[in-house]
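The values are calculated or read from the model by the stated rules, or taken from the named source; none is laboratory data. Keep in mind that what you see is a predicted model, and the values were worked out from it rather than measured. Every residue, glycine as well, gets a Cβ built from its backbone with ideal geometry; the counts of neighbours run over all protein chains shown.
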Amino acid sequence: MTDPLDAPTDFTFTVSATDGQARTGHIAMPRGTIRTPAFMPVGTAATVKAMYPEQVRDLGADVVLGNTYHLMLRPGPERMARLGGLHRFMRWDGPILTDSGGFQVMSLSALRKIDEEGVTFRSHIDGTAHRMSPERSIEIQGLLGSDIQMQLDECVRLPAERAEIEKAMRLSLRWAERCRVAFGEQPGKAMFGIVQGGDIPDLRVESARALTDLDLKGYAIGGLAVGEPQAVMLAMIETVEPHLPATKPRYLMGVGTPDDLMQSVMRGIDMFDCVMPTRAGRHGLAYTRHGRINLRNARHAEDTRPLDEASACPAARDYSRAYLHHLVRSEEILGMMLLTWNNLAYYQQLMAGMRAAIAAGRLADFVAETKDGWARAEA
Ligand SMILES: CNc1nc2cc(C(N)=O)ccc2[nH]1
């Protein structure tokens, strides 16, 4: 938390160095500074699962993501506001980015219907009916106390026909304008638009150009990491990037693996969120400098080495693989906690490494060295 006396009053993005298409810099906001490229741990239901907020901060995260769909269903936006907002509720005093809820309505709820006005759906928790318009999504994100709010959009799973992708992209553009009006002027906060258009280049360009005309504070690339190969995802980033303002942050939603992050940073992405490190940790998978390790595998049963003796993270440095294997096989809660801690620490170390490499003009070397470390998997 920056000193209130000199905390910025607005949302400003500064690029301090570039290396090819890659950028490093920071977003200054009243609640704190976000170093970019940034990875945002996902705090779905007001918690980064299996982590204390102090740990999330200590491992280098500047910003966390809250899921509007989950929080609007439980505890509810008006109750969250009465309790002082999401920051106080979950004891996170840095910036919080909230998604609009649209993606999770489509992926989690039953009986959902989309029309011009918004989306109607039933809660996956208790089956109650809910309706969310662009205006209500922004209102909910405001009640939560969100610092960076996302427009309501329609994300189409791939593969899909052009007609379906085009219809959803144009609806999302109309909803972007409604969200901009609903958000109004909130100094120190931001609303990001979301580029849609599936895997169709001309629709991606149309979406990016139309959103740029709205002069928003940041631009997300949505509609990816929805079943397409990495090559298609990267091609869409390359298609969209030239049509987004270089002076605004670019946020790639729902991405990704460590390799996805590096390939996307090289193509000009500044912000990421993904459940991969936290979800994988709960399933016994560890991301390390030596590649991904499945601790459920019997080969770790008597391996006294830690995951990474050179890591600054105690979960990676101080516990044997044999112990982690035992915890995972025994389905002990501590196994989920330690591997989640390790994975988030690795993701933040990767982002910090890329920020430094871009500043030094050696991102390509950093990427090659990182991939070489994964390839030299230990015996
Ligand atoms: C895990 N993949 C993923 N793709 C996403 C797309 C969106 C979107 N709004 O297009 C949001 C969240 C997403 N998560």
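Only residues in the range 273-294 that are touching a residue at least 60 places away in the same chain (Cβ under 8 Å) and within 13 Å of residue 333 (Cα to Cα) count as the first member; pair them with residues that are assigned to a loop (DSSP other than H, G, I, E, B) and more than 13 Å from the ligand (Cβ to nearest atom), Cβ under 8 angstrom, at least 6 apart or cross-chain, and list the lot.
Correct list of pairs: 281/50; 282/49; 282/50.
Looking at 322, 345, 368, 310, which one is part of a loop (DSSP other than H, G, I, E, B), more than 25 Å from residue 218 (Cβ to Cβ) and either among the small types (Gly, Ala, Ser) or within 16 Å of the ligand (Cβ to nearest atom) (or both)? Working first, answer last.
Values: 322 fails: part of a loop (DSSP other than H, G, I, E, B); 345 fails: part of a loop (DSSP other than H, G, I, E, B); 368 fails: part of a loop (DSSP other than H, G, I, E, B).
Just one listed residue meets the conditions, 310.
Select from the range 269-285 the residues that are over 18 Å from residue 103 (Cα atoms) and part of a loop (DSSP other than H, G, I, E, B) and write down the one among them that is nearest to the ligand (Cβ to nearest atom).
If we take residues in the range 269-285 being over 18 Å from residue 103 (Cα atoms) and part of a loop (DSSP other than H, G, I, E, B), then 269 is nearest to the ligand (Cβ to nearest atom).
Can you tell which of 148, 114 is over 19 Å from the mean Cα position of the chain (by Cα) and of a type outside the set (S, T, N, Q)? First the steps, then the outcome.
Details: 148 fails: over 19 Å from the mean Cα position of the chain (by Cα).
After applying the criteria, what remains is 114.
Any residue at all in the range 261-268 that is touching a Lys or Arg at 6+ places or on another chain (Cβ under 8 Å), assigned to a loop (DSSP other than H, G, I, E, B) and modelled with pLDDT under 95?
Taking every residue of the range 261-268 in turn, none turns out to be touching a Lys or Arg at 6+ places or on another chain (Cβ under 8 Å), assigned to a loop (DSSP other than H, G, I, E, B) and modelled with pLDDT under 95.
Answer yes if at least one residue in the range 263-278 is surrounded by fewer than 21 Cβ atoms within 10 Å (Cβ to Cβ) and within 16 Å of the chain's Cα centre (by Cα), and no otherwise.
There is at least one residue in the range 263-278 that is surrounded by fewer than 21 Cβ atoms within 10 Å (Cβ to Cβ) and within 16 Å of the chain's Cα centre (by Cα).
Take the residues in the range 177-189 that are under 11 Å from residue 152 (Cα atoms) and in contact (Cβ under 8 Å) with a residue 40 or more places away in the chain; name whichever of them is farthest from the ligand (Cβ to nearest atom). Before the answer, list the steps.
Looking only at the range 177-189, we keep the residues that are under 11 Å from residue 152 (Cα atoms), and these are 177-180.
Retained after the next criterion (residues that are in contact (Cβ under 8 Å) with a residue 40 or more places away in the chain): 178-179.
On the way: 178: 16, 179: 12 Å.
Within the range 177-189, the match that is farthest from the ligand (Cβ to nearest atom) is 178.
Could we say that residue 149 is of a type in the set (S, T, N, Q) and either more than 14 Å from the ligand (Cβ to nearest atom) or part of a helix (DSSP H, G or I) (or both) here?
Working: of a type in the set (S, T, N, Q): yes; either more than 14 Å from the ligand (Cβ to nearest atom) or part of a helix (DSSP H, G or I) (or both): no.
No: the conditions fail for residue 149.
For residues that are within 15 Å of the ligand (Cβ to nearest atom) and of a type in the set (Gly, Ala, Ser), scanning just the range 236-261, find the one that is farthest from the chain's Cα centre (by Cα).
256
Could you list, in sequence order, the residues of the range 159-169 that are more than 10 Å from the ligand (Cβ to nearest atom), under 20 Å from residue 100 (Cα atoms) and within 24 Å of the chain's Cα centre (by Cα)?
Passing the criteria: 165, 169.
Collect the residues in the range 104-123 that are touching an Asp or Glu at 6+ places or on another chain (Cβ under 8 Å) and not in a strand (DSSP E or B), keeping them in residue-number order.
Scanning the range 104-123 gives a single hit, 106.
Looking only at the range 214-235, count every residue that is more than 11 Å from the ligand (Cβ to nearest atom) and of a type in the set (Val, Ile, Thr) and tell me the total.
Result for the range 214-235: 1.
Identify the residue in the range 190-213 that is in contact with a Gly (Cβ under 6 Å, 6 or more places away or on another chain) and of a type in the set (A, V, I, L, M) and, among all such residues, is nearest to the ligand (Cβ to nearest atom).
194
For (1) hydrophobic (A, V, I, L, M, F, W, C); (2) crowded, with 18+ Cβ neighbours inside 10 Å; (3) modelled with pLDDT of 95 or more, each residue gets a yes or a no:
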site	(1), (2), (3)
1	yes, no, no
7	yes, no, no
17	yes, no, yes
31	no, yes, yes
39	yes, yes, yes
61	yes, yes, yes
75	no, no, yes
79	no, no, yes
85	no, no, yes
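Looking at residue 170, is it touching a strand residue (DSSP E or B) at 6+ places or on another chain (Cβ under 7 Å), at pLDDT 95 or above, surrounded by fewer than 24 Cβ atoms within 10 Å (Cβ to Cβ) and under 15 Å from residue 211 (Cβ atoms)?
Details: touching a strand residue (DSSP E or B) at 6+ places or on another chain (Cβ under 7 Å): no; at pLDDT 95 or above: yes; surrounded by fewer than 24 Cβ atoms within 10 Å (Cβ to Cβ): yes; under 15 Å from residue 211 (Cβ atoms): yes.
The answer is no for residue 170.
What do you reckon, is residue 298 closer than 30 Å to residue 98 by Cα and aliphatic (A, V, I, L, M)? It would help to see each step written out before you state the result.
Details: closer than 30 Å to residue 98 by Cα: no; aliphatic (A, V, I, L, M): yes.
Criteria not met by residue 298.
When the range 91-110 is examined, which residues are found to be without any contact (Cβ under 8 Å) to a residue 60 or more places away in the chain, more than 14 Å from the ligand (Cβ to nearest atom) and surrounded by fewer than 18 Cβ atoms within 10 Å (Cβ to Cβ)?
Correct list: 91, 110.
Being surrounded by fewer than 23 Cβ atoms within 10 Å (Cβ to Cβ) and touching a helix residue (DSSP H, G or I) at 6+ places or on another chain (Cβ under 7 Å) is the filter here; which residues of the range 301-311 pass it?
Filtering the range 301-311 for residues surrounded by fewer than 23 Cβ atoms within 10 Å (Cβ to Cβ) gives 301-306, 308-311.
The answer is 301, 302, 303, 304, 305, 306, 308, 309, 311.
Do we find that residue 295 is over 22 Å from residue 43 (Cβ atoms) and surrounded by 15 or more Cβ atoms within 10 Å (Cβ to Cβ) in this structure?
Numbers: over 22 Å from residue 43 (Cβ atoms): yes; surrounded by 15 or more Cβ atoms within 10 Å (Cβ to Cβ): yes.
Here the answer is yes, as residue 295 does meet what is asked.
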